[in-house]
1. I need the peptides 260-272, 24-36 ranked by packing, meaning the mean over residues of other C-beta atoms within 10 angstrom, with the highest value on top.
2. Pull out a ≥ b ≥ c, the square roots of the eigenvalues of the alpha-carbon gyration tensor of segment 1-157, then state rounded if a/c is under 1.5, prolate if not and a/b is larger than b/c, and oblate in the remaining case.
3. Based on the mean of other beta carbon atoms within 10 Å per residue, what is the order of 245-254, 78-87, 108-117, most packed first?
4. Which order results if Y96, Y165 are arranged by neighbouring Cβ count within 10 Å, fewest first?
5. Taking the number of other C-beta atoms within 10 Å as the exposure measure, put V194, V145 in order starting with the fewest.
6. Hey, got the dipole for segment 1-114? About the Cα centre, +1 on K and R Cβ, -1 on D and E Cβ, debye to the nearest 20?
7. Please figure out what share of the DSSP beta bridges in the chain is antiparallel and state it in percent, rounded to the nearest 5.
8. Could you check the simple spin-label distance between N101 and K118, using points 7 Å along Cα→Cβ, in nm with one decimal?
Amino acid sequence: MDIKAVGIIANVKKEKSREYTLSLLDWLRQRGLEVFLEKGTAAMIGNERGLEGKELVAAVDLLIVFGGDGTILRTARFTLGYGTPIVGINLGDFGYMTEINLNEMYSALKTILQGDFKTEKRMMLDAFLNSQEGGEMQSVLNDVVINRAHLSRMVELETYLDGRYLITYKADGLIISTPTGSTAYSLSAGGPIVFPEQAAIIINPICPHTLTNRPIILPADALIKVIVRTKEQGAMLTLDGQTSFILKPGDTLTVRKSTHVTTLVSSPHRDYMEILRTKLGWGRIGSPQEG
């Protein structure tokens with residue numbers, strides 16, 4: 001892949017985000033690359049013209065993202081329909097998708113800009129909300145979450161799989177996630193870790209009233225339908241932690257595999273298993289052996 005134009009998106013709330021963005025901007029231009037900044041990132045710097053998300057994606061061959069997984073999720077929404085590869089630079093302590101650390105940023109980017117890199121096509125989900133206010137469809141990279149909005153109320157969610165009744169969940173909520181999202185909210189709620197290259201959908205109830213309601217891993221082509229049966233208005237739908245909607249009794253949510261994917265550039269320095277060990281603090285006992 002011949003990279004001539006690069007876009008930069010930064011989480012402007014992160015400490016030293018401006019400092020690192022300016023340094024990278026100078027480093028890239030010294031190498032003859034055309035560099036564009038997302039509008040908010042440009043405003044943070046103060047002397048650069050910025051582009052809106054979709055406009056930025058259309059203008060570049062590669063996106064470099066400073067921040068954490070939340071910034072990657074926001075960027076993924078911009079790349080829908082483009083497939084522009086995303087390089088995640090981690091500015092925080094956690095983050096499964098921002099694989100490259102600051103101390104290795106330039107060595108990793110030097111390798112990537114030479115075209116010596118691998119990408120992962122991450123599965124996404126399409127969420128269709130049919131509510132009293134009308135219809136809404138959005139694509140997500142991590143998860144679709146229904147939560148209770150009132151502390152004292154459980155939600156009742158009548159759930160169907162491929163048109164067949166599965167269960168009515170009585171719980172604090174329900175997470176429907178991709179393999180990428182398996183290490184996000186779903187993991188905190190006791191869900192399984194699913195390697196991101198797998199094609200699957202995870203359904204994970206949050207604090208279910210019935211303890212035998214366990215997470216389920218479904219085929220990627222599964223069609224999931226959820227009808228809100230909670231009598232009071234008190235459920236909320238959140239998509240990738242980016243947008244949210246109040247749900248009312250009778251509202252219907254349909255989730256299926258998207259035709260869109262998010263393209264992430266893999267770290268040239270570590271694989272997914274090392275990322276898991278590091279992020280989850282598994283450590284290492286004895287000498288590793290090749291199996």
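Just so it is clear, none of the values below were taken in a lab; they were calculated from the coordinates. Every value quoted in this text rests on a predicted model; they were computed, and no experiment measured them. No Cβ is skipped: glycine too gets one built from the backbone with ideal geometry, and neighbour counts run over all protein chains shown.
1. Highest mean packing first, the order is 260-272, 24-36.
2. prolate
3. Answer by packing, highest mean first, reads 78-87, 245-254, 108-117.
4. Y165, Y96
5. Taking fewest neighbouring Cβ atoms as first place, the list is V194, V145.
6. 200
7. So the antiparallel bridges in the chain amount to around 75 percent.
8. It works out to 2.1 nm between the two label points.
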